[in-house]
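Have a look at the structure below, then the notes.
The values are calculated or read from the model by the stated rules, or taken from the named source; none is laboratory data. Just so we're clear, the structure is a prediction, and the values are computed from it rather than from any experiment. Cβ placement follows ideal geometry from the backbone for every residue including glycine, while neighbour counts extend to all protein chains displayed. Accessible surface areas use protein heavy atoms only, side chains included; no ligands, DNA or RNA. Shrake-Rupley method; radii C 1.70, N 1.55, O 1.52, S 1.80 Å.
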Amino acid sequence: MDAKTGSNLKTAQLTVGDKSWSLPIHQGTIGPDVIDVGKLYAETGMFTYDPGFTSTAACESKITYIDGDEGILLYRGVPIEQLAEHGDFLETCYLLLYGELPTPAQKTDFDYRVTRHTMVHEQMSRFFQGFRRDAHPMAVMTGCVGALSAFYHDSTDISDPHQRMVASIRMIAKMPTLAAMAYKYNIGQPFVYPKNDLDYATNFLRMCFAVPCEEYKPNPVLARAMDRIFILHADHEQNASTSTVRLAGSTGANPFACIAAGIAALWGPAHGGANEAALKMLAEIGTPERIPEFVKRAKDKNSGFRLMGFGHRVYKNYDPRAKIMQKTAHEVLSELGHRDDPLLQCAIELERVALSDEYFIEKKLYPNVDFYSGITLKAMGIPVNMFTVLFALARTVGWIAQWKEMIEDPSQRIGRPRQLFSGATRRDYIPISRRK
Ligand code: SDX
């Protein structure tokens, strides 16, 4: 079977002992075909077993396609390289949500709708006061985004298409405001309100870096870089946090609660937390001379250490986003006069050493989107503890698009995986007086 273009087969044969079953094969437009095991338990009394879902398609989707061997990423068929080069983030949001690039009129209307939902309920600012100032911004975001459902009851009825779209626009619009508030709260500065005459990325940077004492001067190079970083992180098929959002949404939970679940899942260092971990790793390495020591540790199974920002469940080639992120890192550092940033030099040398090492070549470990993003964000003045918050900000549109697609799929039902049970078989209760 050609995994790239699928096969022409319509069924797969499963033989267990002297019994055989025919399982339907479904074909997509591109990518691997799937063997439908939906009736396997009913017909055979057996489950499939695939911890980590390395060979499991949990849904059918039309949103994002990844070819991990070729290093290809398409949003609704459009290559990420072209969107990053020619598009902007809100245009990408429209594409992910509606399935087509917007016409000029649709773009103007969509930008208007998002821009006019950027404020949050004024009482949300009191919600922040409950956190310690040194609370990790991801903890604040998980709490505050989940709390949005307490403020926007008029867009939590998931059976109403209008409310679904209002909630989607609200999430995309309010995430930058909440993220900037989490940052301002963390550093003890006053919150800055959004301004409707600024584009999405400039508005976010201003809410982060403006202070009441002086006029904020936008830097169009940095705003363009931030907008491109949002595009690169917008969606990525059925990754761990998106699968979390889909599973939460399958129970009928409101969209704000589902996105909060996605934020919590993204926080892990194996997932969205890798950008923060990668920068900390580069800072710990410090100089190119120490790279061999860290590469040696990464190859030692017993060290428990991995090169953060390297490797990927799907990409067994260069993550196309990492290439664009590296280019953006160079642009930002040049603009800011940090051309010789030691972290960037370290990252470039670490990439060179790792990609020429037999271990990384054999395991097909390449830099992923998180490897260069931290260097870029740090140079822009974003603190390390805000890196994953920015990832969550950008990924919100992907989570929302995937959630909407699931809710609008007539065949969707509550997700409920089974298990291979290897625990104790039935045994009676022993009163504590008789336990040794
Ligand atoms: C993201 O899924 C997505 O799409 C996620 C994402 C998105 O946009 O949503 O792309 C965002 O999460 C990117 C990944 C960020 N995480 C990291 O950079 C953390 C470091 N990388 C890894 O921990 C790891 O590569 C994963 C988690 C990304 C992938 O893990 P897999 O697919 O389960 O692979 P694995 O752990 O089974 O590793 C395969 C082999 C292992 O060796 P063996 O057991 O086969 O001998 O490769 C080794 C691993 O030890 N390996 C690494 C390594 N990553 C994998 N060895 C050293 N350094 C690494 N970074």
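Pairs meeting the criteria (first residue in segment 297-308 and among the aromatic types (Phe, Trp, Tyr), second residue in a helix (DSSP H, G or I) and near the ligand (Cβ under 7 Å from one of its atoms), beta carbons under 8 Å, at least 6 apart or on different chains) are 305/298. Scanning segment 203-235 for residues that are within 16 Å of the ligand (Cβ to nearest atom) and open to solvent by 10 Å² or more (accessible area, probe 1.4 Å) yields a total of 1. In the set 72, 66, only one residue is touching a Pro at 6+ places or on another chain (Cβ under 8 Å) and open to solvent by less than 70 Å² (accessible area, probe 1.4 Å); that residue is 72.
Only one of the numbered conditions (1) within 30 Å of residue 422 (Cα to Cα); (2) out of contact with any Phe, Trp or Tyr (no Cβ under 7 Å at 6 or more places or on another chain); (3) open to solvent by 70 Å² or more (accessible area, probe 1.4 Å) is violated by residue 34, and that is (3). The number of residues in segment 355-372 being surrounded by 23 or more Cβ atoms within 10 Å (Cβ to Cβ), part of a helix (DSSP H, G or I) and within 10 Å of the ligand (Cβ to nearest atom) comes to 3.
When the residues of segment 191-202 are filtered to those that are touching a residue at least 12 places away in the same chain (Cβ under 8 Å) and open to solvent by 50 Å² or more (accessible area, probe 1.4 Å), the one that is farthest from residue 268 (Cα to Cα) is 196. Being over 24 Å from residue 232 (Cα atoms) and either surrounded by 21 or more Cβ atoms within 10 Å (Cβ to Cβ) or small (Gly, Ala, Ser) (or both) is a condition met by at least one residue of segment 300-319. Scanning segment 133-176 for residues that are surrounded by 19 or more Cβ atoms within 10 Å (Cβ to Cβ) and charged (D, E, K, R) yields 164, 170, 174. Take residue 401 and tell me if it is part of a helix (DSSP H, G or I), within 16 Å of the ligand (Cβ to nearest atom) and either open to solvent by 30 Å² or more (accessible area, probe 1.4 Å) or modelled with pLDDT of 95 or more (or both). The answer is yes for residue 401.
Kindly establish whether residue 58 is in contact (Cβ under 8 Å) with a residue 40 or more places away in the chain, open to solvent by less than 80 Å² (accessible area, probe 1.4 Å), more than 23 Å from residue 422 (Cα to Cα) and within 16 Å of the ligand (Cβ to nearest atom). For residue 58, the condition - in contact (Cβ under 8 Å) with a residue 40 or more places away in the chain, open to solvent by less than 80 Å² (accessible area, probe 1.4 Å), more than 23 Å from residue 422 (Cα to Cα) and within 16 Å of the ligand (Cβ to nearest atom) - is not met. Scanning segment 241-279 for residues that are open to solvent by 10 Å² or more (accessible area, probe 1.4 Å), in a loop (DSSP other than H, G, I, E, B) and within 15 Å of the ligand (Cβ to nearest atom), we see that the one that is farthest from residue 145 (Cα to Cα) is 270. Please enumerate the residues belonging to segment 43-55 that are touching a residue at least 40 places away in the same chain (Cβ under 8 Å) and more than 13 Å from the ligand (Cβ to nearest atom). Matches in segment 43-55: 47, 49.
Matching residues to (1) among the small types (Gly, Ala, Ser); (2) away from the ligand (no atom under 14 Å from the Cβ); (3) closer than 20 Å to residue 273 by Cβ:
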position	(1), (2), (3)
343	no, yes, yes
381	yes, yes, no
390	no, no, yes
409	no, yes, no
418	no, yes, no
427	no, yes, no
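Filtering segment 359-382 for residues that are in contact with a Phe, Trp or Tyr (Cβ under 6 Å, 6 or more places away or on another chain), within 19 Å of residue 229 (Cα to Cα) and of a type in the set (A, V, I, L, M) leaves a non-empty set. Restricting the search to helices (runs of 4 or more DSSP H) fully inside segment 85-132 and requiring at least 1 residues that are among the hydroxyl-bearing types (Ser, Thr, Tyr) and farther than 21 Å from residue 63 by Cβ gives 104-115, 124-129. Against the condition at pLDDT below 95 and open to solvent by 30 Å² or more (accessible area, probe 1.4 Å), how does residue 130 come out, does it pass? For residue 130, the condition - at pLDDT below 95 and open to solvent by 30 Å² or more (accessible area, probe 1.4 Å) - is met.
Of all residues in segment 280-298, those that are surrounded by 15 or more Cβ atoms within 10 Å (Cβ to Cβ) and either more than 28 Å from the chain's Cα centre (by Cα) or hydroxyl-bearing (Ser, Thr, Tyr) (or both) total 2.
Of all residues in segment 304-315, exactly one satisfies the criterion of being under 13 Å from residue 367 (Cβ atoms) and more than 6 Å from the ligand (Cβ to nearest atom), namely 315.
For segment 1-26, taking the residues that are open to solvent by less than 60 Å² (accessible area, probe 1.4 Å) and in a loop (DSSP other than H, G, I, E, B), the one that is modelled with the lowest pLDDT is identified as 3.
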